[in-house]
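Encoded as structure tokens, the structure appears first; notes follow it.
The values are calculated or read from the model by the stated rules, or taken from the named source; none is laboratory data. Since the structure is predicted, the reported quantities are computational estimates derived from the model, not experimental observations. Using ideal geometry, Cβ is built from the backbone for each residue, glycine included, and neighbour counts are taken over all protein chains shown.
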Amino acid sequence: MKRYFYGWVIAGCAFFTLLVTNGLTFAGITVFDESMLREFGWSRGTLKFRDLLTMGLAGLLSPLAGAIADKYGVKRLMAFGAATLVAALLLYGQVGSALQMYLVHVMFAVVLASCGIVMAVILVSRWFVAKRGTATGIAMVGTSMGGALFPALGGMLVGPFGWRSSLMVYAIFPAVLLAVILLLVRERPGDMGLKPLGADGPARPGAPPAGLDYRDAIRTRTFWLIAAAGSMTFYAILGISSHVFLYLRGQGFDVQTAARGLSWMFLMGLTGKFLFGYLADLFDHKRVLLVNLGLMFAGSLALASMNTDLFWPFVILFGLGWGGIYTLLQLLTMDAFGLKAAGRVLGTRTVVDALGGGLGPWVTGWLFDRTGSYQVPFLLVSGLILLTLLISTILRIHPPASEPAGTRV
């Protein structure tokens, strides 16, 4: 009987990591927004500045975390991030001011840099040459699964227990994640006498990975086009996902229904990540990306119409498109630059991604405060997605000559 490939366990660990870290630091806390606004009397701009702080600092910290991962590996960083998230959630339940909330979100930034998408992509990419799209898609599904699970859970908890006690319950999940990382994560196939799935040649522990040097990679137009695409799409994703619950409440939906609407958006993202990750192993990565952007643009227009009858078409189209983009941007980065400096390349790209991702929730809240409506900020999202679609048409991927052929588009 053929032995299973341990890389699929690694993909599962990456999936659970992103489920917990991304699910709790973003979508999971949005169902408490209404309770916090009511208790503290803040404006939405004041509340959502926390997300700009989290994303901006996570982006600035990501190159450092990536460099550490390139040199020392990801396992210790991931364990540190999981432990930090336990502490952050316990502290979150005790906050009494905006400043204290912002300090907790600084801790969230540390979590995302050390135990977020960059680390998951590096880890999975080390184990897969063939099926890299499918494995990355499985890992990326974690972000949407977390986005579907935690708002629904929070919506059930906040009524009977309040938002502070609900955060105490949330802290159980990163504690479980810490145990999973320590027990199951392995840095590289060579550490177990294996080779990456689809790679040629024997396993060679300590062999240098293929790809471009960091300085060569960030000097290319391709790097900056991918970074710009990531920045604008993350603005759209986080700008909308962080406000959908409040938008639905403003349209007269009850708490449970609004929480389910947010959860279903993340479930569609989950489907898109797995589906388009699989399709990326069959078709040209750039073409799959363009399809994703087209779906996302159509969905954003449905939401910007402010017609609640079009909310579910928005959920399906936007969610599917967003999920695929999350996966494709990681794959295109690995296609173009390889593994040699993957931590620093992904980390630097994340700085640009994080700028857009952090501005999305804050600017959306700021525009709502000034216009009294979500239509203007939602139309801005549509415009940014359209611009990303146009930019992506001129994107050219030329894999480094030393990268295994299995990783080429």
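Numbers at a glance
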| item | result |
| --- | --- |
| Residue within segment 217-230 that is surrounded by 17 or more Cβ atoms within 10 Å (Cβ to Cβ), at pLDDT below 85 and under 27 Å from residue 137 (Cβ atoms) present | yes |
| Residue list for segment 78-111, restricted to those being small (Gly, Ala, Ser), in a helix (DSSP H, G or I) and crowded, with 17+ Cβ neighbours inside 10 Å | 79, 81, 82, 83, 88, 109 |
| Which listed residue, of 283, 314, is of a type in the set (Phe, Trp, Tyr), assigned to a helix (DSSP H, G or I) and either at pLDDT 85 or above or out of contact with any strand residue (DSSP E or B) (no Cβ under 6 Å at 6 or more places or on another chain) (or both) | 314 |
| Filter result for residue 364 (under 28 Å from residue 216 (Cα atoms) and either within 21 Å of the chain's Cα centre (by Cα) or surrounded by 23 or more Cβ atoms within 10 Å (Cβ to Cβ) (or both)) | no |
| Single residue of 64, 37, 60, 47 found to be under 18 Å from the mean Cα position of the chain (by Cα) and in a helix (DSSP H, G or I) | 60 |
| Looking only at segment 143-189, and only at residues there that are hydroxyl-bearing (Ser, Thr, Tyr) and touching a Lys or Arg at 6+ places or on another chain (Cβ under 8 Å), the one that is modelled with the lowest pLDDT | 144 |
| Single unsatisfied condition, residue 74 versus (1) β-branched (Val, Ile, Thr); (2) closer than 30 Å to residue 251 by Cα; (3) within 23 Å of the chain's Cα centre (by Cα) | (2) |
| Criterion (at pLDDT 90 or above, assigned to a loop (DSSP other than H, G, I, E, B) and out of contact with any Cys (no Cβ under 6 Å at 6 or more places or on another chain)) met by exactly one of 382, 373, 402 | 373 |
| Within segment 21-45, considering residues that are among the hydroxyl-bearing types (Ser, Thr, Tyr) and crowded, with 18+ Cβ neighbours inside 10 Å, the one nearest to residue 343 (Cα to Cα) | 21 |
| Test: residue in segment 113-129 that is surrounded by fewer than 24 Cβ atoms within 10 Å (Cβ to Cβ), in contact (Cβ under 8 Å) with a residue 40 or more places away in the chain and in contact with a Phe, Trp or Tyr (Cβ under 7 Å, 6 or more places away or on another chain) | no |
| Verdict on residue 383 being under 21 Å from the mean Cα position of the chain (by Cα), among the small types (Gly, Ala, Ser) and under 27 Å from residue 288 (Cβ atoms) | no |
| Residue check for residue 236: at pLDDT 85 or above and surrounded by fewer than 24 Cβ atoms within 10 Å (Cβ to Cβ) | no |
| Pick from segment 124-135, criterion in contact with an Asp or Glu (Cβ under 8 Å, 6 or more places away or on another chain) and assigned to a helix (DSSP H, G or I), ranking: nearest to residue 284 (Cα to Cα) | 133 |
| Yes/no for residue 59 being modelled with pLDDT of 90 or more, of a type in the set (Gly, Ala, Ser) and farther than 17 Å from residue 240 by Cβ | no |
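Conditions tested, residue by residue: (1) over 15 Å from the mean Cα position of the chain (by Cα); (2) polar (S, T, N, Q); (3) surrounded by fewer than 23 Cβ atoms within 10 Å (Cβ to Cβ).
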{"site": "304", "(1), (2), (3)": "yes, no, yes"}
{"site": "308", "(1), (2), (3)": "yes, yes, yes"}
{"site": "338", "(1), (2), (3)": "yes, no, no"}
{"site": "345", "(1), (2), (3)": "yes, no, no"}
